[in-house]
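Report on the structure given below.
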Amino acid sequence: MTFNDNLKKYAKLIIEKCLNIKEGDFLVIRGQAENREFINLLTETAFMSGARDVKVNYRDEVFSKIRYKYASLDTVSEVPEHFIMEQNFYMDKSAKFLSLTGEDPNLLKDIPADKIKASTIAFSKALKDFNNRMMNSENSWCVAGAAVPSWAKTVFPDLDEKEATLKLWELIFYTSRADLEDPVAAWEKHTYTLKRHSKFLNQHQFDYFIIKSDNGTNLKVGMPKNYIFEGASEYDSHGNEFIANIPTEEVFSLPHKDRIDGIVYNTKPLNYNGALIDDFYLRFKDGQVVDFDATIGYEVLKNLLETDEGSKSLGEIAFVPYDSPISNTGILFYNTLYDENASCHIALGKAYPTCLKGGEDMDVESLKKEGANDSLIHVDFMIGDKTTNVIGVKDNGEKIDIFKDGNFAF
Ligand code: ZN
Ligand code: ZN
């Protein structure tokens, strides 16, 4: 298989399988200017699948960095009205949204943390309604990886830029199963496995999970009544099936925001808005972070936790086996889409309402009452390794092994 064959198969997998583009669909693609050729290939594939129109929003990471450097805090915190209107315009048209991820993990390391924080909060507030609709799966959406040289050089510092980028693309094909003979068939089989795991977790309706690892992690995560574990594909409000992440190895749900206790250590670095946080722990009491520390990125973590009321609690718990394609590469991607799918993880901030039975029809207050956390942020970080054990405890005290030595026990 040549590089171009694999790239075509990957584009087809995203457009036809993940986003399920059909006659008359609108598609919005967000991606880096560096990926122009790939974006054009995606656009063509979408039109060939019957798309009515494709809208591309290019980003340029070097431009972003320059702007962050020179523009004032007030300027970077200003969100133009037309930007919000455009997002809502496509949401109202039931457009499907594709976001390509792949950027320099250290891009903003020299930019003052308060500027990044102010800008992030301003955009999260301005797009709160839009983001809520997205997290409610009103329309189909997908996040997929696309290699760019700055990212590739971080993953493979010893290779030259061209070799590194090619190697990263190969890994993107491999981890998304796009380089197999029949990627669609492979995804059907993979989906079946993920659905089997989520079904088991849903049928048992555990009261809480105990997560323990050799690094000292000892976390009790209470679950709300009627939680739903999701995995692989889901349905949007118009009845379209879609895959929100490619690759995806996780089954995930929401913890009860007031019932999280204990300590958790990260097992992979967290890249948050172009800055790395690593070697950190969070200590929880009654669902809130009451103590934390980080060897790398302490200020970034502090800012993140202080975003709002809900940023000190959790909105996601996800199980990912240690034996999975991404994890087996042994490579650290410095990109959450890949690293979170190589490890059990939890997320600070907002919970997906779809992880609660009937949650997509509840307002924020009802969701909170049921235990779903609300926040402007949703930031995943990795807590699993090959020593991770998880036990599920039911209302009647019955204990069932969920994870043994990093992998599913059932
Ligand atoms: Zn997740
Ligand atoms: Zn998440």
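Annotations for the structure displayed:
Here is a yes/no grid of residues against (1) within 16 Å of ligand 2 (Cβ to nearest atom); (2) crowded, with 24+ Cβ neighbours inside 10 Å; (3) among the acidic types (Asp, Glu):
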| residue | (1), (2), (3) |
| --- | --- |
| Gly287 | no, no, no |
| Asp291 | no, no, yes |
| Gly297 | no, no, no |
| Thr307 | yes, no, no |
| Ser311 | yes, no, no |
| Phe319 | yes, yes, no |
| Tyr322 | no, no, no |
| Ile326 | yes, no, no |
| Thr336 | yes, no, no |
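- Options Gly330, Gly274; residue that is more than 16 Å from ligand 1 (Cβ to nearest atom), at pLDDT below 95, on the phi > 0 side of the Ramachandran plot and in contact with an Asp or Glu (Cβ under 9 Å, 6 or more places away or on another chain): Gly274
- So Arg30, is it among the charged types (D, E, K, R) and part of a helix (DSSP H, G or I): no
- A Cβ distance below 7 Å, combined with a sequence gap of six or more or placement on separate chains, defines the contacts here; from the stretch 261-273, residues that are acidic (Asp, Glu) reach residues that are surrounded by fewer than 21 Cβ atoms within 10 Å (Cβ to Cβ) and in a strand (DSSP E or B) in the pairs Asp261/Lys220; Asp261/Lys285.
- Search result, residues across the stretch 339-364 that are of a type outside the set (D, E, K, R) and either at pLDDT below 95 or away from ligand 1 (no atom under 13 Å from the Cβ) (or both): Asn341, Ala342, Ser343, Tyr352, Pro353, Thr354, Leu356, Gly358, Gly359, Met362, Val364
- Meeting the requirement of 3 or more residues that are modelled with pLDDT of 95 or more, the helices (runs of 4 or more DSSP H) wholly within the stretch 125-232 are 149-155, 161-175, 183-204.
- Considering residues of the stretch 233-242 that are of a type in the set (Gly, Ala, Ser) and outside any strand (DSSP E or B) only, the residue farthest from the chain's Cα centre (by Cα): Gly239
- Taken as a whole, the structure places Thr248 among residues that are of a type in the set (S, T, N, Q), under 21 Å from Gly145 (Cβ atoms) and buried (at least 20 other Cβ atoms within 10 Å of the Cβ).
- Selection status of Asp323, under 27 Å from Lys212 (Cβ atoms), assigned to a loop (DSSP other than H, G, I, E, B), in contact with a strand residue (DSSP E or B) (Cβ under 9 Å, 6 or more places away or on another chain) and more than 16 Å from ligand 1 (Cβ to nearest atom): yes
The values are calculated or read from the model by the stated rules, or taken from the named source; none is laboratory data. Nothing here was measured: the structure is a model prediction, and the numbers come from that model. When we count neighbours, we look across all protein chains shown, and the Cβ atoms used for this are built from the backbone with ideal geometry, even at glycine.
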